[in-house]
1. Just rank 204, 110, 210, fewest to most, by other beta-carbon atoms within 10 angstrom.
2. Would you mind pulling out the separation of the Cα centroids of the range 82-97 and the range 208-236, in Å?
3. What are the ³J(HN,Hα) values, in whole Hz, obtained from phi via the Karplus relation 6.51 cos²θ - 1.76 cosθ + 1.60 with θ = phi - 60°, for each residue of the range 169-176 in sequence order, with x given for Gly and Pro?
4. Net charge within 11 Å of residue 108 by Cβ-Cβ distance, Lys/Arg positive one each and Asp/Glu negative one each, not counting residue 108 itself?
5. Towards the positive end of the charge dipole of the range 63-174, with charges on Cβ (+1 Lys, Arg; -1 Asp, Glu), say which of 124, 167, 85 has the farthest Cα.
6. Can you work out the Karplus-derived ³J(HN,Hα) for every residue in the range 91-98? Use 6.51 cos²θ - 1.76 cosθ + 1.60 with θ = phi - 60°, whole Hz, and x for glycine or proline.
7. Could you derive backbone 3J(HN,Hα) for the range 70-75 from the dihedral phi with the Karplus parameters 6.51, -1.76 and 1.60 (θ = phi - 60°), listing whole Hz in sequence and x where the residue is Gly or Pro?
8. Would you tally the net charge around residue 212, using a Cβ to Cβ cut-off of less than 14 Å, leaving residue 212 out, and scoring K and R as +1, D and E as -1?
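A short reminder: the numbers here are calculations on the coordinates, not readings from a lab. In this text the structure is predicted, and so the values were computed from the model without any measurement. Here the Cβ positions follow ideal geometry from the backbone for every residue, glycine too, while neighbour counts run over all protein chains shown.
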Amino acid sequence: MAIEHTPFVLDAIKGMLAARNESPSMDPSIWIDDLLRVKRGHFRDEPPCPTDLLVDEFLAQERLFFNQLEDLPTVEKQLQILNLLVREKLTAIFTPLHEFMNVQLRFLLDIERNLLRPPKYQRWSLAFREWSRHDLYGELIGNETRSKAMLRVRLGSAEGPGSKCSPQVDAIAACFKLVSLPALSMLGHLEFLEGLEHHITGVDDIRRADITESRNIFLQAHKDISRVVQQEDLSEVVSHLKQNAISRVGQMFNQLGELLMYDSAVRVLNIQTPPQLPRSRCRMYTFEKMLIFAEDVPQSRLSRAQLSPVPATLRFKCIVKLSKTEAIVPMSSKHHFSLDHI
């Protein structure tokens, strides 16, 4: 997919390069780079300022993401030809990634147009506000874990003697990289905005306010995306618990209330237990009315047909009904609490 620019960009570069008796490159991305260097005085061997270096690195990174996304059709076709994933799973992985490619292209064009303005008129908040309107990232980042789990299962069946360079392994590795791009892209955005804030000491109040606004827009979008991802994860956990619950837990699901959070935990029967004694590592599910502790059934006990991208089959260890007679008491560390009777 070609990246197009408005005619005035090429005309401006032609005029600037004519003074040096040079011809502009035919690559649009190099037109932009030439223009930026001319505007900053880099052709006069002036050292670039830290902000310029930061912007150049960010622009190069965004272009790299887009270039990697251009491999989407090829990777999708390879997975289909090799029959590594059924059509429904291919669609679940690649449809949002194709939409992400369009979002990435629009964002890339927005930041390039922004950089064509004189520095005092550059407004990063416009590009990030437009970027934040897309509600795609929650689905993409939520899909990343599930997609990688599916790919690992297929990788296990594709691996064998001398298979490290097989087409199946190559196709799965390429897909791994693609599904990781949305999260990496967001991390790059955050690092860029934090870097800009670090270097705004010498700029005017308007530019400083714009950079701060850009970061606030990103942080709010990140919070919204995290909420979507968490809700998807919690819904998947509830579904998984229902599928794998023993009968008495299954009968209690209507009494549990909303699932608030879940995480791995270490359970001890007594907070006075000496640290050298064995402790039980498990999953802790925090519902409105109950706490459920469960442990995974080791995958070595499962046949390959039972392996799936969802968490391993659960064995329930403890169910604690929360009532007025019990309270969760925080301990010295924010990562520890005790369940006491009152």
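1. Details: 204 11, 110 17, 210 20.
Ascending number of Cβ neighbours within 10 Å: 204, 110, 210.
2. Each part's Cα centre sits 27 Å from the other's.
3. 5, 4, 5, 5, 4, 5, 5, 3
4. Details: positive: 63, 106, 113; negative: 62, 110, 112.
Once all neighbours under 11 Å are counted, the net charge is 0.
5. Selected residue: 124.
6. The phi angles translate into 4, 4, 7, 8, 4, x, 5, 5 Hz.
7. 5, 7, 3, x, 5, 5
8. On the way: positive: 123, 129, 207, 208, 215; negative: 194, 197, 204, 205, 210, 213.
Value of the local net charge: -1.
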